[in-house]
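The values are calculated or read from the model by the stated rules, or taken from the named source; none is laboratory data. What you are looking at is a predicted structure, and each value in this text was computed from that prediction instead of being measured. Ideal geometry is used to build each Cβ from the backbone, glycine not excepted, and the neighbour counts take in all protein chains shown. To get the accessible areas, we keep the full protein, side chains included, count just its heavy atoms, and leave off ligands, DNA and RNA. Shrake-Rupley method; radii C 1.70, N 1.55, O 1.52, S 1.80 Å.
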Amino acid sequence: MERIGIVGLGAMGLGIAQVYAQAGHTVVAFDASTAVRESSLDRLRSSLEPRVASGKLPAEELALLLDRIAIAPDLSALAPCDLVIEAVIEDFAAKRDLLREIEAMTAPKTVLATNTSALSVGALAHALTRPENLVGLHFFNPAPVMRLVELVAHKGASPEALSLARTLTGRAGKEVIACADSPGFIVNRCARPYYGEALALLEEGRSASDIDAAMLAAGYRMGPFSLIDLVGADINLAATRGLSAAMTNHPRYHVFKALEDQVSEGRLGRKSGKGFLFPATPGPAPADAAAIQLRIEATLANEAATLVEAGGAAPDDIDRAMRLGLNFPRGPFEGARRHGRESILSELVRLARLAPARLAGRYAICDNLPDLI
Ligand code: 3HC
């Protein structure tokens, strides 16, 4: 079976290692930090012990899974890999330099993948000697549980590299959806209003608990703030800033001060022990939960319509990607249809009228929205 290399053994990298090891591949895993390297198999074992205890995972399978992951003392151990996926920090120079290093020590046919959520895969490829071998494989947190992987094809990616990444990832149990190398790909772009509108409501004085509880009551698995706490405020901020810059600071991608403050003050969420809500959980749904849901679902549909308009993805693919990538109970167009076209459009008009001038453009109705819902 193909040998998979993983670089970066934080929550994402380790989760991705688990995905391929579970599918029977030998995984060679490396992290530049000795402490992270040395703790990785214990962290993986602890995350899976509850499944063993509840009888969902036989103990022998866990032992086999751990046996298939070889923690490498240095990058050169990745030389014989067929596919190497990097999941290091969301920093262009760090990823570029690492990919160059990996390219130099692997065979010419080795496929390289970046798990970036916010950077241009094409720009990273441009820095390589064999740009055609790089693809984007964007996993969702927690990687072993979330079913979607976005396969990002930059313009110069070779059909062979895309095909190998798709086949191995699909065989490992993931739904692979191809998407263009455009800012935020499908899910991170279309999810922006989930976080952004929640941050706008927070700025208007609503509590994170009320907002999360309102969305839980509508069937969402996690409210916006619990989701930021899961993924990390730093990662969320990087994705928002990346989109904002790529979209010439359009107010739909406004970077709210509350998010910047979380990061500058170190309240990153689960990984730092404190977030917008974490370690607390949302309280009961507020009396106006339906109004909060309508507001967030109207802006989700409008954002998705802008991606369709730009030719970035088909409406059904967006709905499916949002269900699979975020476990949303329904995609943005499906959600908007439940409210009805008139409610969605009049909500956006209402929001534009009430918003401060700097934010009013967030709610401008995309031309094709009425036809999509
Ligand atoms: N490996 C395998 N299975 C695991 C697992 C692991 N490491 N961890 C949990 N599971 C299994 C559990 O055993 C359970 O299985 P079961 O259904 O057979 O009982 C199932 O996954 C659900 O786990 P839990 O019961 O522990 O937890 P919850 O039911 O509370 O669900 C959740 C947790 C799956 C995180 C759910 O709350 C959820 O779907 N939240 C939304 C998460 C999300 O949206 N993620 C995407 C974030 S965006 C992103 O990552 C993009 C990036 O670019 C920013």
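Across region 74-105, what is the total count of residues that are in a helix (DSSP H, G or I) and within 15 Å of the ligand (Cβ to nearest atom)?
Residues meeting the conditions: 1.
For region 177-189, the criterion of being touching a residue at least 12 places away in the same chain (Cβ under 8 Å), of a type in the set (D, E) and within 13 Å of the ligand (Cβ to nearest atom) is satisfied by no residue at all.
The set of residues in region 66-86 being open to solvent by 10 Å² or more (accessible area, probe 1.4 Å) and over 12 Å from Y20 (Cβ atoms) consists of L66, D67, A70, I71, P73, D74, L75, S76, A77, A79, P80.
State which residue is surrounded by the most Cβ atoms within 10 Å (Cβ to Cβ) when the search covers only region 106-130 and only residues that are assigned to a loop (DSSP other than H, G, I, E, B) and touching a Lys or Arg at 6+ places or on another chain (Cβ under 7 Å).
This residue is T116.
Tell me which residues, restricted to region 1-31, are over 23 Å from the mean Cα position of the chain (by Cα) and either open to solvent by 40 Å² or more (accessible area, probe 1.4 Å) or more than 11 Å from I71 (Cα to Cα) (or both). Give the derivation first.
Initial filter on region 1-31 (over 23 Å from the mean Cα position of the chain (by Cα)): 1-3, 24-26, 28.
If the condition is that a residue be over 23 Å from the mean Cα position of the chain (by Cα) and either open to solvent by 40 Å² or more (accessible area, probe 1.4 Å) or more than 11 Å from I71 (Cα to Cα) (or both), then M1, E2, R3, G24, H25, T26 are the ones that fit.
Scanning region 300-322 for residues that are buried (at least 20 other Cβ atoms within 10 Å of the Cβ) and of a type in the set (G, A, S) yields A301, A304, A305, G312, A313, A321. Within region 131-145, if we keep just the residues that are open to solvent by 20 Å² or more (accessible area, probe 1.4 Å) and within 6 Å of the ligand (Cβ to nearest atom), the residue that is nearest to the chain's Cα centre (by Cα) turns out to be N141. Within the span defined as region 244-260, every residue fails to be among the basic types (K, R), within 12 Å of the ligand (Cβ to nearest atom) and surrounded by fewer than 16 Cβ atoms within 10 Å (Cβ to Cβ).
Of all residues in region 262-281, those satisfying the criterion of being open to solvent by less than 60 Å² (accessible area, probe 1.4 Å) and either more than 27 Å from R43 (Cα to Cα) or in a helix (DSSP H, G or I) (or both) are Q262, V263, S272.
For the criterion of being assigned by TED's automatic domain parsing to the domain that holds E204, in a helix (DSSP H, G or I) and open to solvent by less than 10 Å² (accessible area, probe 1.4 Å), L294 fails.
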